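The values are calculated or read from the model by the stated rules, or taken from the named source; none is laboratory data. On a predicted model such as this, the values are computed, not experimentally measured, just so you know. Glycine also receives a Cβ, built like all others from the backbone with ideal geometry; neighbour counts cover every protein chain displayed. These accessible areas exclude ligands, DNA and RNA; they are computed on the full protein's heavy atoms, side chains included. Shrake-Rupley method; radii C 1.70, N 1.55, O 1.52, S 1.80 Å.
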Amino acid sequence: QVQLVESGGGLVQAGESLTLSCAASGSGISVNGMGWYRQVPGKQRELVAHITRGGQTTYADSLEGRFTVSRDNSGNTMYLQMNSLKVEDTAVYYCNAEVRLRTSWVYDFYWGQGTQVTVSS
């Protein structure tokens with residue numbers, strides 16, 4: 001009933017930029033907070049950035065201001081603008097969203113399928 005679809009991943013060179021998108025869809029859904037996470041093989045999934053419905057943002061300290069998270073006016077699509085990419089940013093990037101169905105009183109967390117970002121030196 002709820003789908004999170006990421007797009008925008010790919011192969012870039014170090015220093016270049018990339019923008020990821022995550023679109024949440026479903027009949028009558030209400031989306032609260034949304035976040036980007038990333039994971040490399042053998043490591044735990046880590047938070048990259050989070051944005052509340054009101055637009056408050058949080059970032060991983062390691063990003064050094066290179067990434068910017070935003071949402072569109074509908075609140076159902078989230079973006080991650082990634083600048084000055086480094087080899088160590090290579091990972092699968094996942095979208096996460098706190099979503100309430102029209103038929104529910106509570107919010108649940110949903111994950112996208114992930115999109116690969118590869119940064120070459």
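Per residue, what accessible area does the chain have, given a 1.4 Å probe and all protein chains present, in Å²?
Numbers: 6590 Å² over 121 residues.
Normalised by residue count, the accessible surface of the chain is 54 Å².
Once label points are set 7 Å from the Cα along Cα→Cβ at both residue 52 and residue 88, what is their separation, rounded to one decimal in nm?
Distance between the two pseudo-spin positions: 3.0 nm.
Note down the magnitude of the dipole of the chain about its Cα centre, charges +1 on Lys and Arg C-beta and -1 on Asp and Glu C-beta and zero elsewhere, to the nearest 20 debye.
It works out to roughly 260 debye.
May I ask for the net charge around residue 85, where only other residues with Cβ less than 11 Å from the Cβ of residue 85 are counted and Lys, Arg are +1 while Asp, Glu are -1? Present the calculation step by step, with values, prior to reporting the outcome.
On the way: positive: 66, 86; negative: 16, 88, 89.
Residues close to residue 85 contribute a combined charge of -1.
Taking the Cα centre of the chain as the origin and placing charges on Cβ (Lys, Arg +1; Asp, Glu -1), which of 44, 13, 27 is farthest toward the positive end of the dipole?
Value: 27.
Got the relative contact order for the chain handy, in percent, Cα pairs under 8 Å and 6 or more residues apart?
About 36 percent, as a whole number.
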